[in-house]
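For reference, the structure discussed in these notes is given below.
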Amino acid sequence: MPVTIYDVAKAAGVSTATVSKVLSGQPYISEKTRAKVRDAVELLNYVPNAAAQGLAGARTNILGMVVSYDSNFLFSDPHLLQILQGINEVVTENNCALLLSTATADDRLSAYRRLLAQRYIDGAIVEGSLGEIGYSLLQERGYPVVAVGYSDKISCVHADDFQGAQEITAYLIGLGHRRIGIISGPASDRLATAARYDGYRAALHQATIPLEESLRVFGTFRTASGYAQTEHLMALTPPPTAIFAFNDRMAAGALRWLREHGYQVPQDVSVAGFDDTPVAARCNPPLTTVRQLSYAQGRGAATLLFRLIQSQSLLEREEVSMPTSLVVRASTAPPQGGTLSES
């Protein structure tokens, strides 16, 4: 059975009214009593029922945002920052506040546990790369949840990653490339990364180009991983004539490695990315990429969450897939010698 306020009062040796006053931050309660109540809450892992709080008019007007990456990753990733901006603007428009929880570098679930420990939110938006293992922790406590990413169980907003990856791969094939290396996201990111890889495979299949697993390497969505994995791709015999990185940051790392090792882009190797963050246009040469609507995804997720909270979780699950578009810049061109025959 779920833990109730009566269990907390009994464990702390106080009345339920006192427990309620401590949890709502009311004054005129001794620090000794507050400590006893907090200890009992922690011991019993008590979480106030969100629906009951709403019926009592006890909305906190605070929404949680869970990012299962460390803060260094978040604040250096333009795609996530644009999502966060979109979320924050909708939250502000609704006269509410946003509570951000990021993970530690060695424990991606810590972002969820830290937010749950606060006990102050009306609902949460989650960056969905961990999938159900993350958001289920919030659902079990009765919180409305929306994912920016993929889910078949909760409402979610995401880019059409399959279509974007298929389009940019088909574009590279149309230029004459047959050996297209990819710098994938981490294997643990099973959702967006999988959709992009499926789009890549579909474009190869449509062009009757055999899939070669050796042309796939795994990055971490960080610039340094794009740099390191490009070295592995270019060591292949023969090397790829084009590299498609699954985000712009890794593509920027690939460009740097190629430049430092004497390759000309796009004359020797074409490079493409995904996201169309501001870094793409500033690359040397400017980066061909897939534009996804990061800011709009954030606004869409926040709007969905407010609807869910206001309906007291009675809305059916909703999935919003936002279109992507190809942005061609100077980092891609036909391979030297034209279309290469299959090796």
If I filter region 23-44 down to residues being modelled with pLDDT of 80 or more and closer than 26 Å to Leu137 by Cβ, which single residue comes out as surrounded by the fewest Cβ atoms within 10 Å (Cβ to Cβ)?
Glu42
So, in region 154-168, exactly how many residues are over 15 Å from the mean Cα position of the chain (by Cα) and among the charged types (D, E, K, R)?
1
Could you list, ordered by first residue, the pairs with Cβ atoms under 9 Å in which the first is in region 209-227 and at pLDDT below 95 and buried (at least 20 other Cβ atoms within 10 Å of the Cβ) and the second is of a type in the set (Phe, Trp, Tyr) and assigned to a loop (DSSP other than H, G, I, E, B), at least 6 apart or interchain?
Phe221/Tyr69; Phe221/Phe246
Does at least one position in region 141-159 carry a residue that is surrounded by fewer than 16 Cβ atoms within 10 Å (Cβ to Cβ) and under 28 Å from Thr223 (Cβ atoms)?
no
crowded, with 18+ Cβ neighbours inside 10 Å and in the same structural domain as Tyr69 (by TED's automatic domain parsing): which single residue out of Tyr200, Tyr135 fits that description?
Tyr135
Subset of region 251-277 [modelled with pLDDT of 95 or more, of a type in the set (Val, Ile, Thr) and either surrounded by fewer than 24 Cβ atoms within 10 Å (Cβ to Cβ) or in a loop (DSSP other than H, G, I, E, B) (or both)]:
Val265, Val269
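Here is a yes/no grid of residues against (1) free of Cβ contacts under 8 Å to residues at least 40 places away in the same chain; (2) over 15 Å from the mean Cα position of the chain (by Cα):
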| position | (1), (2) |
| --- | --- |
| Val66 | no, no |
| Tyr69 | no, no |
| Ala97 | yes, yes |
| Ala103 | yes, no |
| Arg108 | no, no |
| Val126 | no, no |
| Ser129 | no, no |
| Ala147 | no, no |
When you check Gly13 against the structure, is it outside the structural domain of Val145 (by TED's automatic domain parsing), at pLDDT 90 or above, of a type in the set (Gly, Ala, Ser) and loosely packed, with under 15 Cβ neighbours inside 10 Å, yes or no?
yes
Taking the condition of being part of a loop (DSSP other than H, G, I, E, B), touching a residue at least 40 places away in the same chain (Cβ under 8 Å) and under 30 Å from Ile62 (Cβ atoms), how many residues in region 278-331 meet it?
7
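The values are calculated or read from the model by the stated rules, or taken from the named source; none is laboratory data. Just so it is clear, the structure is predicted and the values come from calculations on it, not from any experiment. Cβ sites come from the backbone with ideal geometry, for glycine too, and all protein chains shown count toward neighbours.
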